[in-house]
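Scroll down for the structure; my scribbles are underneath it.
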Amino acid sequence: MKPDTHPDYHAVVFRDASTGTQFLSRSTATSTQTVEWTDGLRYPLIIVDITSDSHPLWTGTARVVDTEGRVERFRRKYAGRGSYRG
């Protein structure tokens, strides 16, 4: 690789703003805030709004769309038309 063409890729700690969960990863992002990790070293701290720990899709708290209401509305609207047998 050519020198000085790639950004600095280093270890950083990401913290979920809503749950406080932290994980160590690697990134080109940097921060003036630092945090001490379990290994005793200090790493830049990046605070993010959503991670897999707080995202509704991953936590199972996603809202369920009322599909039965939509189906019933469709059946009422198209019940007397064509070959639809509802």
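The values are calculated or read from the model by the stated rules, or taken from the named source; none is laboratory data. Every value quoted in this text rests on a predicted model; they were computed, and no experiment measured them. Ligands, DNA and RNA are stripped out before the accessible areas are found, and what is left, the full protein with its side chains, is counted by its heavy atoms. Shrake-Rupley method; radii C 1.70, N 1.55, O 1.52, S 1.80 Å.
Tabulated data
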{"item": "Hey, ARG85 outside any helix (DSSP H, G or I), more than 33 Å from the chain's Cα centre (by Cα) and at pLDDT below 85 or not", "result": "yes"}
{"item": "Which listed residue, of THR38, THR30, THR61, is among the β-branched types (Val, Ile, Thr), at pLDDT 85 or above, within 23 Å of the chain's Cα centre (by Cα) and not in a strand (DSSP E or B)", "result": "THR30"}
{"item": "Pick from the stretch 6-27, criterion open to solvent by 80 Å² or more (accessible area, probe 1.4 Å) and part of a loop (DSSP other than H, G, I, E, B), ranking: modelled with the highest pLDDT", "result": "TYR9"}
